[in-house]
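These notes concern the structure reproduced below.
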Amino acid sequence: MDWQNQLITVYLTSCKFFSQLSPYIFLKISPNSNPSFTDEETITIYIFGILNELKNIKSIFKFTKNFLSEWFPNLPSYEGFLFRLNNLNHLFPELSKFLLQNKKFKLNSNTTKPFVLIDSLPIILAKGFRAHKCNTAKEISSIGFCSSKNLFYGLKLHLTALFKNKRLASPVSMKITRAATHDLTAVKNDLLNLNHSELFADRAYCDQFTKQKLAKKNSNLHTPIKLSRSKKTLSYDEKVYSKSVSSIRQSIEILFNWLIESSGIQTASKVRSTKGLLVHVFGRFSACLFKYMFFF
């Protein structure tokens, strides 16, 4: 699909999204009933900029002004565009949910017991010693720990995806929590709603009570086997099992890497507000969903 068709598709999808919103969710911020520059155009410009690998809002604005002025003749000033974008922050989570309804992210009805992948991705506002000094977006952020990134300040993106053999896993649902929230605590209720599924996660999700609850729903939770004080070594069968689980889980690690490379979603060090952080996370995730629909 060429760039013109991508741009048109993003705009038409945005229009469709706005048309189905409840008035309790959406209230136009413009005092005019028919503003010259619409909220649909604001979202389209941001999403299209991320699709073109532009990593910050200023570069997206300059790209639009220099190369897409015929498509958006009523583009406001940078300050006006930034104001409009940040005030649409509460709509980006709804946009992500709307896009996830696409058939690309739906479970194949022919699959009897799908492989469901679960993991979290840290969204980093600050890390290391700076984590203790940062208080940006403190309503939704906190200090947390990640095995790969160590101490950081920010939030976690919790993702559920479908395993696809020899293909990129497809996202099914996502949510965010403070960085301090334990992975299992964040998604336990969501897990218990998954029937007739094989679930694959890392050791952080290992919980016997949750496994028993899932078994009653004909679902199984698979995690690498933990070592403990009473269990110093693994048997050969346990090593093979853990390796198999990790091999399947690698699919969601590849998906996370694709999200980071496609949108820069993990690094939010230049964000300065809660509104900006919500736009950053859900806006870039939405752009990745568009990219997935275009190319996979």
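Points to keep in mind about this one:
- Looking at ILE47, ILE60, ILE8, just one residue is part of a helix (DSSP H, G or I), in contact with a Ser or Thr (Cβ under 8 Å, 6 or more places away or on another chain) and modelled with pLDDT of 95 or more, and that residue is ILE47.
- Among the residues of this structure, LYS216 does not count as one that is in contact (Cβ under 8 Å) with a residue 12 or more places away in the chain and either closer than 30 Å to THR13 by Cα or open to solvent by 60 Å² or more (accessible area, probe 1.4 Å) (or both).
- Residue within segment 93-108 that is aliphatic (A, V, I, L, M) and without any contact (Cβ under 8 Å) to a residue 60 or more places away in the chain present: no
- Residue match in segment 98-108 (condition: open to solvent by 80 Å² or more (accessible area, probe 1.4 Å), modelled with pLDDT under 95 and under 21 Å from CYS15 (Cβ atoms)): yes
- Selection status of LEU199, outside any loop (DSSP other than H, G, I, E, B) and within 30 Å of THR112 (Cβ to Cβ): yes
- Being among the hydrophobic types (A, V, I, L, M, F, W, C), without any contact (Cβ under 8 Å) to a residue 60 or more places away in the chain, outside any strand (DSSP E or B) and surrounded by 15 or more Cβ atoms within 10 Å (Cβ to Cβ) is a property that holds for ALA131.
- Checked against the criterion of being outside any loop (DSSP other than H, G, I, E, B), open to solvent by less than 10 Å² (accessible area, probe 1.4 Å), touching a strand residue (DSSP E or B) at 6+ places or on another chain (Cβ under 8 Å) and touching a residue at least 24 places away in the same chain (Cβ under 8 Å), the candidates ILE143, ILE124, ILE118 yield just one match: ILE118.
- Residue identified as open to solvent by 70 Å² or more (accessible area, probe 1.4 Å) and part of a loop (DSSP other than H, G, I, E, B) among LYS55, LYS65: LYS55
- Taking segment 227-254 as the range and being open to solvent by 100 Å² or more (accessible area, probe 1.4 Å) and closer than 27 Å to LEU159 by Cα as the test, the residues that pass are LEU227, LYS239, LYS243, GLN250.
- Inside segment 133-156, residues that are at pLDDT below 90 and not aromatic (Phe, Trp, Tyr) make up a count of 5.
- Inside segment 149-206, residues that are under 23 Å from ASN135 (Cβ atoms), among the hydrophobic types (A, V, I, L, M, F, W, C) and open to solvent by less than 70 Å² (accessible area, probe 1.4 Å) make up a count of 7.
- Look at segment 268-296: where a residue is among the charged types (D, E, K, R) and a partner is assigned to a loop (DSSP other than H, G, I, E, B) and open to solvent by 10 Å² or more (accessible area, probe 1.4 Å), sitting 6+ places away or on another chain with Cβ atoms under 8 Å, you get LYS270/ASN56; ARG272/THR136; LYS275/ASN87; ARG284/GLY264.
The values are calculated or read from the model by the stated rules, or taken from the named source; none is laboratory data. Since this is a predicted model, take the numbers as computed values, not measurements. No Cβ is skipped: glycine too gets one built from the backbone with ideal geometry, and neighbour counts run over all protein chains shown. With ligands, DNA and RNA removed, areas are computed over all heavy atoms of the protein, side chains included. Shrake-Rupley method; radii C 1.70, N 1.55, O 1.52, S 1.80 Å.
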